[in-house]
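Written out below as structure tokens is the structure these notes cover.
Throughout, read-outs are computed from the coordinates displayed, never taken from laboratory work. These numbers come from a predicted model, not from an experiment. Backbone-built Cβ (ideal geometry, glycine too); neighbour counts: all protein chains shown.
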Amino acid sequence: EKGEKMSKSKGNVIDPVPILEKYGADAFRFWAASEASLGSDFRCSEQRIAAASKFINKLNNIANFVSQFNQAEKPARLEKLDKLVLNELNKLIRECLLGYKEFNFFIPSNAIRQFLWNIFADHYIELVKARAYSNDKSACYTLHKCLRTSLLLLSPIIPFISYYIYKNIYKKNINSERFPREEKIKTEALTMSELAIINSKIWKAKKEKNLSLKAEIAKAMLPSKFKAFANDLKACHNIKLLEFGDVKTENIRIEL
């Protein structure tokens with residue numbers, strides 16, 4: 001915790017067994033992988049191990065959500081939102097491959113956590129829920145594609161939970177699967193990060209008025225570049241009238 005070297009003479013050696021029993025082997029492995037880059041020293045912090053355990057729980061929650069939906073074949077046409085997140089998934093595959101080739105698990109562990117938590121769960125899932133519950137093939141395909149690929153990328157780091165989820169949902173042994181490959185997806189002009197900014201601004205406006213995130217928005221004006229995502233944005237934020245015009249992202253207009 002204090003950044004001191006462990007030493008019997010100092011009496012600061014930490015017994016790993018109680019930590020493993022409390023948080024599990026996968027949380028311990030993920031903490032060790034994500035804490036510091038290859039060759040760097042790092043502190044043994046139970047708080048950080050607990051944070052790794054929270055990520056494992058988040059992964060479980062994501063898997064439970066995605067498992068509700070049919071494992072659709074790739075449709076002839078993907079919706080633009082789905083293309084955006086699949087482009088992010090391609091970036092993730094490239095980044096993880098680089099890290100694994102260098103035996104530097106710090107790179108894939110942090111890249112996967114960033115993708116799954118901050119992009120996939122926090123924003124993509126919220127935006128795609130309405131289509132997923134309507135059994136939209138593009139949505140269902142993309143949800144499973146992202147989960148399945150993420151599990152394959154995570155397997156070398158957290159093998160036990162990855163194996164369990166993969167076997168439970170996809171009925172296959174994850175250890176017999178091939179390493180993920182990039183899927184050819186047309187690059188979109190926007191990114192998930194730009195959509196995330198819009199989401200965050202709308203949620204913040206509701207919170208400032210002490211309203212539920214599901215509360216109806218009477219009218220909203222967003223930049224024209226987001227027009228292709230109108231249906232997903234309207235459904236996600238319960239917007240009655242959504243208009244697009246010459247406004248900057250930082251100056252979007254919301255009438256609650």
* Quick one: order Cys44, Cys236 by neighbouring beta-carbon count within 10 Å, fewest to most. => Cys44, Cys236
* **Residue-span extension gain [Ser193 to Lys171] - 0.36 nm each, minus C-alpha spacing** => 4.6 nm
* Output ³J(HN,Hα) for the range 74-82: one whole-Hz value per residue in order, computed from phi by the Karplus curve 6.51 cos²θ - 1.76 cosθ + 1.60 with θ = phi - 60°, and x for Gly and Pro. => 4, x, 5, 10, 9, 5, 4, 4, 5
* Asked: With charges only on Cβ, +1 for K and R and -1 for D and E, what is the dipole size of the chain about its Cα centre, in debye, rounded to 20?
  -> 360
* Kindly state, as a whole number, the per residue volume in cubic angstrom of the convex hull around the alpha carbon atoms of the range 33-152. => 96
* Taking amide H positions as placed in the peptide plane 1.01 Å from N, state which residues far from Glu79 in sequence (5 or more) or on other chains have amide H under 5 Å from it. => none
* So what is the relative contact order for the chain, in percent, with contacts set as C-alpha pairs under 8 Å and at least six apart? -> 19
* Asked: 222 nm [θ] for the chain, helices only, -39500 (n - 2.57) per DSSP H run of 4+, per residue, to 500?
  -> -16500 deg cm²/dmol
* To do: For the range 172-256, just the Cα atoms, rotate onto the principal axes and tell me the three extents in Å, largest first.
  => 52, 29, 19
* Structure fact -> XL table Lys145/Lys171; Lys204/Lys234; Lys206/Lys234; Lys83/Lys214; Lys186/Lys225; Lys145/Lys172; Cα-Cα > 22 Å flagged, in table order, is Lys83/Lys214
* Asked: How long is the chain along each principal axis, judged by its Cα atoms, biggest number first, in Å?
  -> 68, 42, 29
* Asked: Using bins 5 angstrom wide from zero, how does P(r) for the range 210-255 break down, in % of all Cα pairs?
  -> 5, 23, 32, 26, 11, 3
* the chain: angle of helix 25-35 to the longest principal axis, Cα-based, in degrees nearest 10 -> 80
* Asked: Based on the Cβ-Cβ distance of Trp117 and Leu241, what FRET efficiency does E = 1/(1 + (r/R0)^6) give at R0 = 51 Å, to the nearest 0.05?
  -> 0.95
